[in-house]
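The values are calculated or read from the model by the stated rules, or taken from the named source; none is laboratory data. Keep in mind that this is a model prediction, so the values were computed, not measured. Positions of Cβ are generated from backbone atoms using ideal geometry, with glycine treated the same way; all protein chains shown enter the neighbour counts. Each accessible area value is taken on the protein alone, full model and side chains, heavy atoms only, with ligands, DNA and RNA left out. Shrake-Rupley method; radii C 1.70, N 1.55, O 1.52, S 1.80 Å.
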There are 2 protein chains.
Amino acid sequence: MTDANQTISDRIHKELDTFTRAERQLALSILENYPASGLGPLTALARSADVSVPTVARMVQKLGYKGYPDFQADLRDELSAIAKGPIAKHETWAGAAPSGHILNRFTEAVIDNIRNTMAHIDPVAFDEACALVADQKRHLYIVGGRITHTLAEYLFMHMQVIRPNLTHVQSTSNTWPHYLLNAAEGDVFVIFDVRRYENNTLKLAEMARARGARLVLFTDQWRSPVHRLADITLTCRIIVPSAWDSVATTVLLVESMISQVQNLDWDNTKDRMQELEEIFDKTRLFRKFT
Amino acid sequence: MTDANQTISDRIHKELDTFTRAERQLALSILENYPASGLGPLTALARSADVSVPTVARMVQKLGYKGYPDFQADLRDELSAIAKGPIAKHETWAGAAPSGHILNRFTEAVIDNIRNTMAHIDPVAFDEACALVADQKRHLYIVGGRITHTLAEYLFMHMQVIRPNLTHVQSTSNTWPHYLLNAAEGDVFVIFDVRRYENNTLKLAEMARARGARLVLFTDQWRSPVHRLADITLTCRIIVPSAWDSVATTVLLVESMISQVQNLDWDNTKDRMQELEEIFDKTRLFRKFT
DNA sequence: ACAATTATGAAATATTTATCACAGGCCGCT
DNA sequence: AGCGGCCTGTGATAAATATTTCATAATTGT
């Protein structure tokens, strides 16, 4: 935390000349296995570099740290900065806005959410989920709650273009039991449930499960209780500087799924889209130009 | 070094279900800033995860370690293994997926969109838009089209919590002229229009303008023709590897706006949210725990 | 080659950090 | 509503880790 924009490794390298023999020996040993070696106990580091314990203490002081723990803290900071990836580094996003502006703070948080979500997602599970959703033999139910029904609707809207045989269910409505009547073994439920998890959604999931349906769940990092029933759970980070949570990352996942499903049967999808275009042309709903 | 070929991060993720509430909270906190957080002192980790010190000790034992130092040693080993391995996996986002996987391609595109959008946005205009939307003396109309009506609804839903005196209009419906009857000078229209720009939306905008309303427009980089009428235009990049466009960036902007508006009158918003909570409690719609 | 200076490591001390034992509290069950 | 079990955090204890001191060895300059 002494100097920004310069790794500790760089600093050590630069100061190599000012070091004494034993210190140099130590420095090289640190760089050998950087940064892991510096994160262990001082004693272990001294032993592995084959120098005495005080040598280590003296060297880190020469580097400007108050003591070894201070040095370690700096190493850890550097490590987390790296882990965040080059994009998430604290640079200003909205170039014209001050760095404390809500746009920058919010964007940083969302990028962080995305990074975190993607780091933990299981691509095999994702592909399986897409395959289930793409399977037109199975009836597809898309379920959303109070907040998430917009997400559900967004997915539904696109799936409508791609395939037939699907239903949009709103768990907060009291009509959903009727839909379940038609649910058959092997049908697929895509369920959205993020925190303030909803009792209705859980009940619906239980009953769907009981009827032999397959469950794909979109949820947050704390995971809706539905996840215990779900065949596939896709988890998103949703923290932002706001009184509410962010669905931006979830949208990203949903859109990725749409894209993947459309690819799985592109020939068919293309035809359906074209047909849709023609219908729209007749309704003159959209502008032709500009 | 308990098990090869499986990162500690994976193990933690897998055991998430066997953990208790506090342990899960801790585990998520570790994954949040992995692996740096686990390499500091136990006390610091406990504090940052907001759990007690013994909880940390108990969790690492559940993971099969003799104690916290043992756990740290394993983390360091993993770290050095990574550092030695082939350098940098060419910036894949979903680490477990191949770089050509849809998840990575899509994520890269969205990050790119965000970056581009934020680079071109005018924070002053954004702030003005927020101020308009926050002004409770003006009636707020939120307008969406065929695709964007989910976005409009999302904004509407949150604004409903923050303030009274607002209406959700769907331009594709044929009922919107009725709403316009009530529109008065100084009212605010938030309009969503992205490509396949809609004739109805343009007509609506023209008439709103004619009645002396202020227009805030969310659109894409090619800009809906509404932008010639709008007081403030917020432009988003929406290109992704898909047959459709992405609203992820637009969602980010909308959420930023929600956050900002809520801040502009936080005292009032807080009260309204609390009231809402109480009503929900009575309906028992949400689960209290887990 | 000798003295002055500086580097080094062993050992003692001080500090931090981890583990353990216990009691209060919460939840689910009857 | 009352009871049992399990989770959870507080405080005490033990262990480890880091810092300092000091004697010795190495190095440099004269």
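Seen from every direction in turn and averaged, the convex hull around the alpha carbons of segment A:121-283 projects onto 10.2 nm². A P(r) calculated from all alpha carbon pairs of segment A:73-167, with 5 Å bins opening at zero, reads 2, 11, 13, 13, 15, 12, 11, 10, 8, 4, 1, 0 percent.
When you filter the trypsin sites (Lys or Arg not before Pro) in segment A:103-197 for DSSP loop state and at most 10 other Cβ atoms inside 10 Å of their Cβ, you are left with A:137. Comparing Cα centroids, segment B:144-159 and segment A:36-68 end up 58 angstrom apart.
Remark: the residue A:70-residue A:231 segment gains 53.3 nm on full extension, using 0.36 nm per residue and subtracting the alpha carbon distance.
Couplings 3J(HN,Hα) for segment B:133-149, derived from phi with the Karplus relation 6.51 cos²θ - 1.76 cosθ + 1.60 (θ = phi - 60°), are 5, 7, 6, 6, 6, 8, 6, 10, 10, 10, 10, x, x, 5, 7, 7, 5 Hz, where x marks Gly and Pro.
Counted over all Cα-Cα pairs of chain A, pairs farther apart than 29 Å make up 55 percent.
When the solvent-accessible area of the protein assembly as shown is split by element, carbon and sulfur atoms take up 52 percent of it, the probe being 1.4 Å. In this structure, the residue pairs whose Cα-Cα separation is over 26 Å, taken from A:203/B:270; A:203/B:62; A:282/B:203; A:137/A:282, are A:203/B:270; A:203/B:62; A:137/A:282. With a simple spin-label model that places each label point 7 Å from the Cα along the Cα-to-Cβ direction, the separation between residue A:239 and residue A:20 comes to 4.5 nm. Here each label is just a point 7 Å from Cα along the line to Cβ, and for residue A:47 and residue A:96 those points are 6.1 nm apart.
Computed from protein heavy atoms with a 1.4 Å probe, the total accessible area buried between A and B is close to 7700 Å². Its Cα centre serving as origin, segment B:103-282 has a Cβ charge dipole (Lys and Arg +1, Asp and Glu -1) of approximately 660 debye. Spatial offset of segment B:226-264 relative to segment A:174-208 amounts to 31 Å, using the alpha carbon center of each. Cβ-Cβ distance of residue A:178 and residue B:175, R₀ of 30 Å, FRET efficiency by 1/(1 + (r/R0)^6): the value works out to about 0.70.
Inter-copy label distances at residue A:53, shortest first and taken from points set 7 Å along Cα to Cβ: 2.1 nm.
Computed from the Cβ-Cβ distance with R0 of 51 Å, the FRET efficiency linking residue A:167 to residue A:7 stands at 0.40. All other residues whose Cβ lies under 9 angstrom from that of residue B:165 are scored, Lys and Arg at +1 and Asp and Glu at -1, for a net of +3. Using the alpha-carbon positions of segment A:7-91, Rg (one decimal) and Dmax (whole number) come out as 13.0, 41 Å. At a probe radius of 1.4 angstrom, the accessible area of the protein assembly as shown per residue rounds to 45 square angstrom. When the Gaussian network model of chain A links Cα atoms closer than 10 Å, the mean-square fluctuations of A:263, A:174, A:199 top out at A:174. Which one, B:60, B:75, B:29, is farthest towards the positive end of the dipole of segment B:8-84 when Lys and Arg carry +1 and Asp and Glu -1 on their Cβ? Comparing the listed Cα positions along the dipole, B:60 ranks first. Taking the longest Cα principal axis of chain A as reference, the axis of helix A:199-210 is set at about 70 degrees. Normalising the average separation of contacting C-alpha pairs (under 8 angstrom, six or more residues apart) by the number of residues puts the relative contact order of chain A at 14 percent. Full extension of the segment from residue B:199 to residue B:124, taken as 0.36 nm per residue of separation minus the current Cα-Cα distance, would add 24.1 nm. Exposed loop sites, defined as GluC sites (Glu not before Pro) outside DSSP H, G, I, E and B with at most 15 other Cβ atoms within 10 Å, are absent from the longest region of chain A, namely A:186-290.
Calculated on the alpha-carbon coordinates, the convex hull of the protein assembly as shown measures out at 170 cubic angstrom per residue.
Compared with the dominant Cα axis of chain B, that is its longest principal axis, helix B:68-84 is turned about 70°.
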